[in-house]
Amino acid sequence: MADGEPRHPVEVELNASATDIMDAIAAGFRAKIDVKGKLAELFLNRDLRRLKDAGAIEGYVWNDTDGHPDFSVTVGGIEVIIECKNVRSPTVAEAKLAREKWRSRVELQKTRNSKDGTPTRGYRTDEFDVLSVALFNQTGKWEYVHVLTVGLERRPDDPDRLVIMQPVPLQPSGIWKGNLLDVLKEAAQAKRTRG
């Protein structure tokens, strides 16, 4: 930071320089994972802001509260819920498989179980309408693929819950789309049809 430049609010809040904060993140495996998760949401938030500014969506809310979806978007008067995740960083074997089959995986689990201890980390099929997956961990770019929840794999023993490890293509393909607005409109139309 150059002399005279205002400090970032996080520097003030933590009473630490940006360099010290970055050094702390660099030293913490979990901290880096948390930051990547928040960066995925930040860049998706910017995409949603551009859509709102262009009048393509009426509005949206970025939630940062446990137990709430990442984003609630209003499209054509319909609320569409988005969950935002990062594609997993590959193991050596997974990286080889991803190159051969152009697929990777995303982990669909919440950070915590319910407060009463019941196992609620896995998502129900009705908890969100769209899954947006940042491809950074595989490609080094903050690009996304998006899918309607109805296209995700269900658990054979509990079809009301989603499989935790879902395959994800590293580029738009099949049910996975690269255009967020198209997927939002499709989700809104499906909800409107269901009534």
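The values are calculated or read from the model by the stated rules, or taken from the named source; none is laboratory data. Keep in mind it's a predicted model, so treat the numbers as computed, not measured. Note that each Cβ is placed from the backbone with ideal geometry, even for glycine, and that neighbours are counted across all protein chains shown.
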If you check ALA18 against the conditions, is it over 25 Å from LYS110 (Cα atoms) and touching a His at 6+ places or on another chain (Cβ under 9 Å)? yes
Filtering the stretch 52-85 for residues that are over 21 Å from ARG121 (Cα atoms) and either acidic (Asp, Glu) or more than 17 Å from the chain's Cα centre (by Cα) (or both) leaves a count of 14
From the list ASP23, ASP53, which one is among the acidic types (Asp, Glu) and at pLDDT below 85? ASP23
When you look at THR65, is it of a type in the set (S, T, N, Q), touching a strand residue (DSSP E or B) at 6+ places or on another chain (Cβ under 9 Å) and either farther than 21 Å from GLU143 by Cα or modelled with pLDDT of 95 or more (or both), yes or no? no
Just wondering, is there one or more residues in the stretch 155-165 that are of a type in the set (Lys, Arg), within 19 Å of the chain's Cα centre (by Cα), surrounded by 12 or more Cβ atoms within 10 Å (Cβ to Cβ) and within 23 Å of GLY76 (Cα to Cα)? no
Given PRO159, PRO167, which one is outside any helix (DSSP H, G or I) and without any contact (Cβ under 8 Å) to a residue 40 or more places away in the chain? PRO159
Quick check on GLY59: is it out of contact with any Phe, Trp or Tyr (no Cβ under 9 Å at 6 or more places or on another chain), at pLDDT 95 or above and surrounded by fewer than 13 Cβ atoms within 10 Å (Cβ to Cβ)? yes
Scan (1) surrounded by 13 or more Cβ atoms within 10 Å (Cβ to Cβ); (2) modelled with pLDDT of 95 or more; (3) within 16 Å of VAL75 (Cβ to Cβ); (4) of a type outside the set (Ser, Thr, Tyr) for the single condition ALA190 breaks and write down its number. (2)
Which of (1) of a type in the set (Gly, Ala, Ser); (2) in contact with a helix residue (DSSP H, G or I) (Cβ under 6 Å, 6 or more places away or on another chain); (3) farther than 22 Å from ASP47 by Cα is the odd one out, the single condition GLY122 does not satisfy? (2)
Kindly list, by first and then second residue, each pair from a residue in the stretch 122-141 that is free of Cβ contacts under 8 Å to residues at least 60 places away in the same chain to a residue that is in a helix (DSSP H, G or I) and surrounded by 18 or more Cβ atoms within 10 Å (Cβ to Cβ), limited to pairs with Cβ atoms under 7 Å and residues at least 6 apart or on different chains. THR125/THR149; PHE128/THR149; VAL130/THR149; VAL130/VAL183; VAL130/LEU184; VAL130/ALA187; LEU131/THR149; GLN138/ALA98
Inside the stretch 125-154, the number of residues satisfying the requirement of being small (Gly, Ala, Ser) and crowded, with 17+ Cβ neighbours inside 10 Å is 2
